[in-house]
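The structure appears right after this line, and notes come after that.
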Amino acid sequence: NIIVMTSNFINDHLLNYNKAIKRIVCKRDISKEIILEYKNMKNCTFNEYIELLKQLDDTNNFNNLIKTHSDFHLLVSEVLENYRINKPIEEKLFNTLYFNHNKLVNMLNEIINDFEFAKNQLDDLTKTWNRSMFLEILDNEFKKSLRTDNEFSLVFFDIDDFKKINDKYTH
């Protein structure tokens, strides 16, 4: 669900970014209300999104993402305000907006990648590495020990009557 939400969030911001640029390129009138909507994130679902994200990943405070998102909205509103009052949009401001937007999209794509990785590499029930990932890590560590001439140990144990757990919670 978070992967779909993040993709939708990226698409929403791409659309809003394009709408803002389109208003300028097509020389459309821009009201103060439209600028305030961008500045105050009126139609933005970011707060709900970030709260859900924090619930799913309580080890990360997402301050950088929050700041980048806020900066994005402020920069869009500044560019639109300059256009509205016929003040030149300096190249530095436009570039800052462009790079901030790319940074935001990249950060969101990184979130998608992290959750995709977890979805594909972790066991749903135990939240531990699945068998293929475990074997890959084991192989890498063994090869590393050979290269570095370090000792390598593996501890393996068996849990008695584990079938009862599998029968109750599934495999």
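With the requirement that a residue be open to solvent by 40 Å² or more (accessible area, probe 1.4 Å) and among the β-branched types (Val, Ile, Thr), what does the stretch 11-53 give you?
25, 45
So residue 65 fits all but one of (1) surrounded by 19 or more Cβ atoms within 10 Å (Cβ to Cβ); (2) out of contact with any helix residue (DSSP H, G or I) (no Cβ under 7 Å at 6 or more places or on another chain); (3) not charged (D, E, K, R); what number is the exception?
(2)
Give the residue that is most open to solvent (accessible area, probe 1.4 Å), with candidates limited to residues of the stretch 116-152 that are under 18 Å from residue 165 (Cβ atoms) and among the basic types (Lys, Arg).
131
Looking at (1) open to solvent by 60 Å² or more (accessible area, probe 1.4 Å); (2) touching a helix residue (DSSP H, G or I) at 6+ places or on another chain (Cβ under 9 Å); (3) farther than 30 Å from residue 21 by Cβ, find the lone condition where residue 87 falls short.
(3)
Please count how many residues of the stretch 12-37 are polar (S, T, N, Q) and without any contact (Cβ under 8 Å) to a residue 60 or more places away in the chain. First the steps, then the outcome.
From the stretch 12-37, those polar (S, T, N, Q) are 16, 18, 31; that's our starting set.
Still in the running and without any contact (Cβ under 8 Å) to a residue 60 or more places away in the chain: 18, 31.
Matching residues across the stretch 12-37 total 2.
Considering the stretch 81-109 alone, what residues qualify as being among the aliphatic types (A, V, I, L, M) and more than 26 Å from residue 50 (Cα to Cα)?
If the condition is that a residue be among the aliphatic types (A, V, I, L, M) and more than 26 Å from residue 50 (Cα to Cα), then 85, 89, 93 are the ones that fit.
What helices (runs of 4 or more DSSP H), lying completely within the stretch 1-116, carry at least 3 residues that are within 12 Å of the chain's Cα centre (by Cα)?
2-25, 46-56, 63-84
The values are calculated or read from the model by the stated rules, or taken from the named source; none is laboratory data. Bear in mind the structure is a predicted one, so any value in this text is a computation, not a measurement. Note that each Cβ is placed from the backbone with ideal geometry, even for glycine, and that neighbours are counted across all protein chains shown. Accessible surface areas use protein heavy atoms only, side chains included; no ligands, DNA or RNA. Shrake-Rupley method; radii C 1.70, N 1.55, O 1.52, S 1.80 Å.
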